[in-house]
Amino acid sequence: MENKSPLLKVENLKQYFRVSNGFTVKAVDGVSFEIFPGETYGLVGESGSGKSTIGRSVIRLYQPTEGKVTFNGEDISQKMSRSAKSMLRMNMQMVFQDPMACLNPRKKVGEIIGEGLDIHHLYKSRADREEKIRRILAKVGLAPEHIDRYPHQFSGGQRQRVGIARALIMNPKLIIADECISALDVSIQAQVVNLMKEVQEETGCAYLFIAHDLSMVKYISDRIGVLHLGHLLETGTTEEIFSNPVHPYTKSLLSAIPRPNPAVEKVRSIETFDYKTSGIDYSKGSMRQLEGSHLVLATDEELKAWCGEL
């Protein structure tokens, strides 16, 4: 990975929302990370930590307040040219959390999936368009006759497959999966995640996988970033984060994962982390490198304390 240039590079991204004259919500506050071609970067954290906001800022559903986002060699954080917009729309796609809310109930599945092809004129004839849609439906495990059905005629898992098909038909380089499995049954979650892994092996696309289910993130991700209150606290490979968590918040998250072994589950101790009483100020810390690609947000004193050097 070291010799590759990143597909997506996010530098000091800030996304603020002004609520009133005296109050601004700092949803994302100075987050930096990179995603390389063909890898899966898992973004985890509790609800309200800014995960979905990062995804929406990166794909430019929001205008970033500050910072730089480089995708496929182009700066997409400022005002974009027409060609840059077209490049972004074709090469970056998003799979949303609620499969019913993001599918137009008045359109048939064939129209929904083919919309990107229509906008960018990516077919030679009507027959070619229909063939592409049927092929992508088969790839996500849906039948050809589903092309003429409406979203309400599908189950939740099938709707999410339609959402994935809509993203895949553009053959993107990056797919942002925004909690795309959280609304599904556990068995269906496994099917959808396995489908995403198969697609990645086949097409070589990269994923920004946003979730709060750590066991699923561990299964699918190559690298992980831990987010809390809009700050990226720790990032590294899946192995580095799970075998050697350094930040107290990361430790508390990992300690909350249930163990399938009853004997281990009985003696499992859950660590708690409360930012207000922890004495930690995220704004004072900076990213410190530990080993390999393992980084943690800390001051010198905090790093010494957490690594047991005091």
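The values are calculated or read from the model by the stated rules, or taken from the named source; none is laboratory data. This structure is a prediction, so every number in the text was calculated from the model and none was measured. Note that we place each Cβ from the backbone using ideal geometry, even for glycine, and neighbour counts take in every protein chain shown. To get the accessible areas, we keep the full protein, side chains included, count just its heavy atoms, and leave off ligands, DNA and RNA. Shrake-Rupley method; radii C 1.70, N 1.55, O 1.52, S 1.80 Å.
Observations on the structure shown:
- Coupling constants for region 97-112 follow from the phi torsions by the Karplus curve (6.51 cos²θ - 1.76 cosθ + 1.60, θ = phi - 60°), and in residue order they are 5, 9, x, 7, 5, 9, 10, 5, x, 8, 10, 6, 4, x, 5, 4 Hz; glycine and proline get x.
- Simple point charges give the picture: +1 on the Cβ of Lys and Arg, -1 on the Cβ of Asp and Glu, and for region 122-191 a dipole about the Cα centre of about 340 debye.
- Portion, in percent, of the accessible area of the chain that falls on carbon or sulfur, probe 1.4 Å: 49 percent
- Test item: Cα-centred dipole of the chain, Lys/Arg +1 and Asp/Glu -1 on Cβ, debye: 1220 debye
- With Cα atoms defining each centre, region 246-264 and region 93-169 are spaced 38 Å apart in the structure.
- DSSP bridge analysis restricted to the chain gives an antiparallel fraction near 60%, rounded to the nearest 5.
- Springs between Cα atoms under 10 Å define the GNM used for the chain, and in it the highest mean-square fluctuation of 249, 62, 207 occurs at 62.
- Cross-linked pairs 107/139; 68/304; 4/139; 9/139; 173/251; 26/173: Cα-Cα separations exceed 26 Å for 68/304; 4/139; 9/139; 173/251; 26/173.
- Only helical runs count toward this figure. For the chain, summing -39,500 (n - 2.57) over DSSP H runs of n ≥ 4 and dividing by all residues gives -10500 deg cm²/dmol at 222 nm.
- Calculated diffusion of the chain, Stokes-Einstein form, Kirkwood radius summed over Cα pairs, 10 °C and 1.306 mPa s, µm²/s: 76 µm²/s
- Entry comment: accessible area of region 111-185 is 46 Å² per residue, from protein heavy atoms only and a probe of 1.4 Å.
- Each of 252, 286, 211 was scored by the projection of its Cα onto the charge dipole of region 187-310, and the greatest displacement toward the positive side belongs to 252; charges sit on the C-beta of Lys, Arg, Asp and Glu.
- Proximal charge balance of residue 280 [Cβ under 12 Å; K/R count +1, D/E count -1]: -2
- Environment charge at residue 229 (Cβ cut-off 15 Å; Lys +1, Arg +1, Asp -1, Glu -1): 0
- Shape class of region 1-141 from the Cα gyration tensor (axes a ≥ b ≥ c, square roots of the eigenvalues): prolate, since a/c reaches 1.5 or more and a/b is larger than b/c.
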